[in-house]
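Worksheet: the structure to be examined is printed underneath.
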Amino acid sequence: MNLRFGVIGTGAIGREHIKRISQTLAGAEVVAVTDVNQEAAKQVVADFKLNANVYPDDKALIAAEEVDAILVSSWGPAHEASVLAGIEAGKYIFCEKPLATTAEGARRIVDAEIKHGKRLVQVGFMRRYDHGYVKLKEAIETGAIGEPLMIHAAHRNPTVPETYSTDMAITDTLIHEIDALHWLVNDDYESVQVIYPKKTKNALPHLRDPQLVIIETKGGISITVEIFVNCRYGYDIQCEVVGEEGIVKLPEFSNIVTRKSGKLSQDILMDWKDRFIDAYDIEIQDFIDSISKTGEPKGPTSWDGYIASVTAAACVKAQESGVTETIELDERPTFYEEGAKTNEVSA
Ligand code: NAI
Ligand code: ISE
């Protein structure tokens, strides 16, 4: 039987996910949608010829009997309330990043899920499903480059809207690296510092851009991430892991090579939607298949969402203080250890 999705938030990524669930993936369908902009919700039903009900708000959609799973793709600050209501109703939840905009909010979700006693939530950290990142992790885990010592990463967007603020470089953009990098090297974060290099003339007056984030792990790995959201030339994600015996680096996104007018060239992607298109498909297919096979999602957990929210909060503090800030996590509940199932709420 198909997993029946209700989608909360039919903006940019909500529409992308609705399209992939209804046109590309197997084992699921979209049966309900809602958006504070009701016209946008109705439009998506018409555009993708969905056989879906339009609900006035998230509460009504979550309560609907035909909805097995909710997909939360509203604005970040609205995520926590929808996820908590979804857990309360015992529905499966695929939540776009961030799980919650505060560490306390993410912890409330963790506690609610543990109390429920079964995993319901998967967070949309799609890089864990990207072919390049999976290959990097394999190389690290098989010892191909020896002990990892450093990571150099970059997250560049051609441009951002006027509403994008300096802290969003962390909470909206770096959050992907925050999740992917500790997962890559299987280590915990210790501390963070943020440096502002010379500002680009292409950034609006209110925005510090670029930014350089320096993170130390508990195991002693030094990580530098450049965030540059007005780089103009393209959407560019770079990641290089330097080990004791060698280096591994993310592959460039494959594209045809053109020889013309005395030039050898290759197009660079301009949009995040294209760079991770396969990873988005795979993460949601995994959510659907895991629930069908085991009754639980097995992708990035609420605990991963909590780690990201705590780390993002420390990074924002470091942006403001200009000094090194520590990253302090609660102890990982046994509920989120591989294979563990318990409904004990950890302190
Ligand atoms: P968007 O602004 O295009 O769409 C958000 C939609 O949610 C809007 O239509 C808005 O009216 C609606 N909305 C806001 N609050 C709502 C509420 N309480 N109930 C129902 N609808 C509500 O934003 P976009 O780019 O689609 O981002 C949505 C979320 O997805 C964000 O959390 C963002 O960080 C995340 N995202 C993740 C990406 C990824 O690579 N994994 C890429 C882009 C966005
Ligand atoms: C956007 O919200 C995303 O999540 C994209 O994946 C990211 O690359 C971009 O910087 C964010 O604004």
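No lab work stands behind these numbers, since they all come straight from the coordinates. Quick caveat: nothing in here was measured; it's all calculated off a predicted structure. Positions of Cβ are generated from backbone atoms using ideal geometry, with glycine treated the same way; all protein chains shown enter the neighbour counts.
General observations
- 5 angstrom amide H check on SER191, placed H, neighbours 5+ away: GLU216, ILE327
- Sorted by Cβ density within 10 Å, fewest first, the residues LEU3, LEU181, LEU264: LEU264, LEU3, LEU181
- Sequentially through the range 240-248, phi angles give Karplus couplings (6.51, -1.76, 1.60; θ = phi - 60°) of 10, 10, 9, x, 5, 10, x, 10, 10 Hz, Gly and Pro residues having no value and appearing as x.
- The range 144-270: C-alpha gyration tensor shape, a/c 1.5 cut-off, then a/b vs b/c: oblate
- About its Cα centre, the range 144-270 has a charge dipole of approximately 940 debye under the convention of +1 per Lys or Arg Cβ and -1 per Asp or Glu Cβ, with nothing else charged.
- Amide hydrogen proximity for GLY219: with H placed 1.01 Å from N in the peptide plane, the residues at 5 or more positions away or on another chain lying under 5 Å are ASP188.
- Computed over the chain: relative contact order in percent, which uses C-alpha pairs under 8 Å that are six or more apart: 19 percent
- HN-Hα J in Hz across the range 305-310 - Karplus 6.51, -1.76, 1.60, θ = phi - 60°, x for Gly and Pro: x, 5, 4, 5, 5, 5
- Relative contact order (%) - criterion: Cα under 8 Å, at least six apart; region: the range 144-270: 37 percent
- Close amide-amide hydrogen proximity is noted between ILE70 and GLY6, TYR92, ILE93, PHE94, each under 5 Å apart and 5 or more residues distant or on a separate chain (H modeled in the peptide plane; Pro and chain starts excluded).
- Virtual spin-label span in nm between ALA46 and LYS273, 7 Å along Cα→Cβ: 1.9 nm
- Neighbourhood charge, 12 Å Cβ-Cβ cut-off, centred on LYS199 and excluding it, Lys, Arg +1 and Asp, Glu -1: +2
- Karplus-derived HN-Hα couplings along the range 258-270 (A = 6.51, B = -1.76, C = 1.60, θ = phi - 60°), whole Hz, x at Gly and Pro: 10, 10, 7, 6, x, 10, 10, 9, 9, 5, 9, 5, 10
- Nearest-20 debye value, the chain charge dipole, Cβ charges on Lys, Arg, Asp, Glu: 1080 debye
- Percent RCO, i.e. relative contact order, over the range 32-179, from Cα pairs under 8 Å lying at least 6 residues apart: 16 percent
- Coarse-grained scattering of the chain at q = 0.07, 0.10, 0.12, 0.13 Å⁻¹, given as base-10 log I(q)/I(0) from a Debye sum over alpha-carbon atoms: -0.30, -0.63, -0.91, -1.07
- Tensor-based shape of the range 228-335 (alpha-carbon gyration tensor, a/c under 1.5 rounded, otherwise prolate or oblate): oblate
- Placing +1 on the Cβ of every Lys and Arg and -1 on the Cβ of every Asp and Glu, with nothing else charged, gives the range 183-335 a dipole about its Cα centre of roughly 1000 debye.
- In nm, spacing of pseudo-spin labels at TYR233 and GLU138 (7 Å Cα→C-beta vector): 3.0 nm
- Approximate spin-label separation LYS218-GLU190, in nm, with each point projected 7 Å along Cα-to-Cβ: 1.1 nm
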